[in-house]
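Engineer: Mind having a look at this structure? Questions to follow.
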Amino acid sequence: MEMPLIPVLAGMETEGVALDPNALVEFSAQLEKEITVVEAAVYEAAGMKFNISSPKQLGEVFFDILKIDPKAKKTKTGQYATGEDILSKLADKHPAVQMVLEYRGLVKLKNTYVDTLPSMIKPRTGRIHTSYQQAVAATGRLSSNNPNLQNIPIRTERGKEVRKAFVARNANYILVSADYSQIELRIIAEFSKDESMLNAFRHGIDIHTSTASKVYNVPLDQVTSEMRRNAKMVNFGIIYGISAFGLSQRLNIPRKEAATIIENYFREFPTIKSYMDGSIESARKNGYVETILGRKRYLRDINSANAVVRGFAERNAINAPIQGSAADMIKVAMINIHQTLVDLNLKSKMILQVHDELVFDVAIEELEIIKPIIREKMVNAIQMKVPIEVEIGAGKNWLEAH
DNA sequence: AATTTCACG
DNA sequence: ACGTACGTGAAATTA
């Protein structure tokens with residue numbers, strides 16, 4: 001699988017993706033103005049000037065001078081921790097806190113994406129060419145660098161502006177995005193053979209709502225948005241190798257409550273529990289875990305006497321077969337799609353991969369031919385009992401295609 | 001070169 | 001008491 005993937009990735013790298021630089025030049029100027037305003041507001045609120053981008057200076061201003069939090073947490077090097085998770089909980093303690101979060105968001109977007117991406121357009125092609133690494137991620141995922149096109153913003157309104165700048169090659173083309181739906185949870189359902197999870201997928205029931213219905217013991221139509229939100233976090237936790245501490249951090253609740261939620265979960269999904277225990281047991285016995293196509297991840301710390309170190313290995317034992325099997329599946333799909341595009345002599349090209357998503361630069365007259373091909377190859381990449389679903393969209397830019 | 005933070009799945 | 005959700009890459013600051 002990895003060897004035939006090489007020419008496919010090479011083709012994607014060579015092809016590149018078009019960026020509309022004008023959109024970003026304008027956006028950059030707008031961000032610059034907003035940054036200037038927020039910066040001045042921070043200085044005013046804090047009563048002094050300092051480098052807001054320096055975590056060290058920021059921590060000293062917030063916690064030594066303004067004394068925003070008497071129990072301020074430190075990082076392992078003794079500096080004050082000022083990450084988003086910390087500051088968002090202190091937002092009501094001092095007006096400068098929210099302003100700093102705003103400043104961070106604006107500066108990140110401008111420096112990492114808006115000002116950088118246009119400079120990476122290759123003059124010879126007029127396009128952006130990422131590089132895909134096949135032998136970096138321990139789970140078998142690809143990674144992307146120089147530039148990384150697997151972490152382009154999408155979650156915030158301003159972030160969406162960056163996505164809009166990724167466009168089709170010309171007016172005769174359109175971007176098509178194809179996403180696996182809940183692929184990692186479907187793989188857990190397949191591996192564990194959990195009947196209620198399989199059932200939810202077979203009947204097209206929203207998986208987080210289904211989980212909430214079980215854990216909170218209410219009918220599907222009485223699941224509240226808060227119950228669903230919590231269940232979603234639990235489902236993510238399952239994928240990552242859940243811990244009461246981790247869930248309590250995500251949900252911002254006491255560890256005891258998180259532990260109760262997890263207990264309820266495993267009571268309703270005992271086969272998931274035994275599947276996860278089986279992954280750890282297999283790692284202990286063999287020294288590795290493997291994906292559906294046999295990719296191994298060795299876990300030398302699985303029998304460590306240090307509980308923290310061992311805990312990492314155990315969560316890796318749970319996560320690696322899931323994340324890695326999803327990577328196997330999309331890689332097979334990529335090989336088969338590429339081969340079909342070549343066989344049918346189509347002009348359209350596969351240009352990006354973002355873990356569970358493929359993006360294509362499609363000649364408009366080929367749109368209706370290519371969509372069922374993409375879907376069929378993605379759905380049938382690896383035969384499974386659980387239904388696999390793919391969402392496909394098209395638009396003049398990456399945001400619209402999503 | 002290491003640390004911290006934050007963008008994505 | 002310890003110290004944790006999985007996988008990445010990049011920018012700015014600090015050492």
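What follows is calculated from the coordinates using simple rules that are stated; it is not laboratory data. None of the values given here were measured: they were computed from a predicted structure. Cβ coordinates were reconstructed from backbone atoms using ideal geometry, including for glycine residues, and neighbour counts include every protein chain displayed.
Engineer: Could you calculate the contour length gain from A:Lys385 to A:Ser181, that is, 0.36 nm times the residue separation minus the distance between their Cα atoms, to one decimal place in nm?
Structural biologist: Numbers: separation 204, 0.36 × 204 = 73.44 nm, distance 1.55 nm.
Answer, rounded to one decimal: 71.9 nm.
Engineer: I've got another one for you. GNM on chain A, C-alpha springs below 10 Å: top fluctuator among A:Asp20, A:Asp64, A:Asp194?
Structural biologist: The residue with the greatest mean-square fluctuation here is A:Asp64.
Engineer: If you don't mind, another one. Quick one: putting +1 on the C-beta of Lys and Arg, -1 on the C-beta of Asp and Glu, what dipole do you get for segment A:20-127 around its Cα centre, in Debye to the nearest 20? Working shown, then result.
Structural biologist: Numbers: 16 positive and 14 negative charges, 109 e Å.
My answer is approximately 520 debye.
Engineer: Quick one: length gained pulling A:Glu195 to A:Ser119 fully straight, 0.36 nm per residue minus the C-alpha distance?
Structural biologist: Gain on extension, A:Glu195 to A:Ser119, equals 22.2 nm.
Engineer: Mind listing P(r) for segment A:103-166? All alpha-carbon pairs, 5 Å bins, whole percents.
Structural biologist: Spelled out bin by bin, segment A:103-166 gives 4, 16, 23, 22, 17, 14, 5, 0 percent.
Engineer: Now, a different point. Using a Gaussian network for chain A with springs between C-alpha atoms less than 10 Å apart, which of these wobbles most: A:Met334, A:Met384, A:Met48?
Structural biologist: In this elastic network of chain A, the residue with the biggest mean-square fluctuation among A:Met334, A:Met384, A:Met48 is A:Met48.
Engineer: A follow-up question, please. What order, most packed first, do the peptides A:177-187, A:118-128, A:158-168 have when packing is the mean number of other Cβ atoms within 10 Å of each residue? Don't jump to the answer; show the numbers that get you there.
Structural biologist: Values: A:177-187: 21.5, A:118-128: 12.6, A:158-168: 19.8.
Averaged packing, sorted descending, gives the order A:177-187, A:158-168, A:118-128.
Engineer: Work out, in µm²/s and without decimals, the Stokes-Einstein translational diffusion coefficient of segment A:262-344 at 37 °C, 0.692 mPa s, Rh from Kirkwood over C-alpha pairs. Display every interim value, and only then the final one.
Structural biologist: On the way: Rh = 14.4 Å.
Estimated via Stokes-Einstein, D reaches 228 µm²/s.
Engineer: Continuing with this model, one more query. For segment A:150-197, just run the numbers: alpha carbon Rg, then divide by 2.2 N^0.38 Å, N being how many residues it has.
Structural biologist: Numbers: Rg = 17.0 Å, N = 48, 2.2 N^0.38 = 9.6 Å.
The value comes to 1.78.
Engineer: Follow-up. Test of understanding: express the Cα radius of gyration of segment A:254-402 as a ratio to 2.2 N^0.38 Å, with N the residue count. Working shown, then result.
Structural biologist: Working: Rg = 20.2 Å, N = 149, 2.2 N^0.38 = 14.7 Å.
The value comes to 1.37.
Engineer: Averaging over all projection directions, find the projected area of the Cα convex hull of segment A:192-321 and quote it in nm² with one decimal place. Walk me through the intermediate numbers first.
Structural biologist: Details: hull surface 33.7 nm².
Result: a mean projected hull area of 8.4 nm².
Engineer: In addition: Quick one: the Cα spread of segment A:20-127 along its three principal axes, in angstroms, biggest first?
Structural biologist: Reported extents, whole Å, longest axis first: 56, 31, 21.
Engineer: Additional query: Between A:Gly324, A:Gly59, A:Gly140, find the one with the highest GNM mean-square fluctuation for chain A; connect C-alpha pairs within less than 10 Å.
Structural biologist: Comparing A:Gly324, A:Gly59, A:Gly140 in a Gaussian network model of chain A, the most mobile one is A:Gly59.
Engineer: Give me the distance in nm between label points sitting 7 Å out from Cα along the Cα-to-Cβ direction at A:Asn22 and A:Thr224, one decimal.
Structural biologist: With each label placed 7 Å out from Cα toward Cβ, I get 5.0 nm.
Engineer: While we're on this one: Considering all alpha-carbon pairs of segment A:123-214, what whole percent are spaced by more than 17 angstrom? Kindly include the intermediate steps, with their values, before the conclusion.
Structural biologist: On the way: 2916 of 4186 pairs.
Tail of the P(r) past 17 Å holds 70 percent of the pairs.
Engineer: Based on the Cβ-Cβ distance from A:Asn51 to A:Ala307, what FRET efficiency comes out when R0 is 41 Å, to the nearest 0.05?
Structural biologist: Values: r = 39 Å, r/R0 = 0.96.
My answer for the efficiency is 0.55.
Engineer: What is the Rg over Rh value, at two decimals, for chain A, using alpha-carbon atoms and the Kirkwood definition of Rh? Write down the numbers at each step before the final one.
Structural biologist: On the way: Rg = 23.6 Å, Rh = 23.8 Å.
That ratio is 0.99, to two decimals.
Engineer: Counting pairs of alpha carbon atoms under 8 Å apart in space and at least six apart in sequence, what relative contact order in percent does segment A:88-190 give?
Structural biologist: Working: 65 pairs, mean separation 12.8, N = 103.
Dividing the mean separation by the residue count of segment A:88-190 yields 12 percent.
Engineer: OK, next. From Cα pairs below 8 angstrom and at least 6 apart in sequence, can you work out the relative contact order of chain A, rounded to a whole percent? It would help to have the intermediate numbers written out before the result.
Structural biologist: On the way: 567 pairs, mean separation 87.4, N = 402.
Reported as a whole number, the value is 22 percent.
Engineer: So, one more: Please list, or write none, the lysines whose alpha carbon is within less than 26 Å of the alpha carbon of A:Lys385, excluding same-chain residues fewer than 8 places away.
Structural biologist: A:Lys193, A:Lys214, A:Lys232, A:Lys273, A:Lys296, A:Lys331, A:Lys371, A:Lys377
Engineer: Principal axes first, then extents: for the Cα atoms of segment A:4-48, list largest minus smallest coordinate on each axis, whole Å, largest first.
Structural biologist: Principal extents (Cα only, largest first): 60, 23, 8 Å.
Engineer: Based on the alpha carbons, how large is the Rg to Rh ratio for segment A:328-402 when Rh follows Kirkwood? Can you show the working numbers first?
Structural biologist: On the way: Rg = 12.0 Å, Rh = 12.8 Å.
Looking at segment A:328-402, the ratio lands at 0.94.
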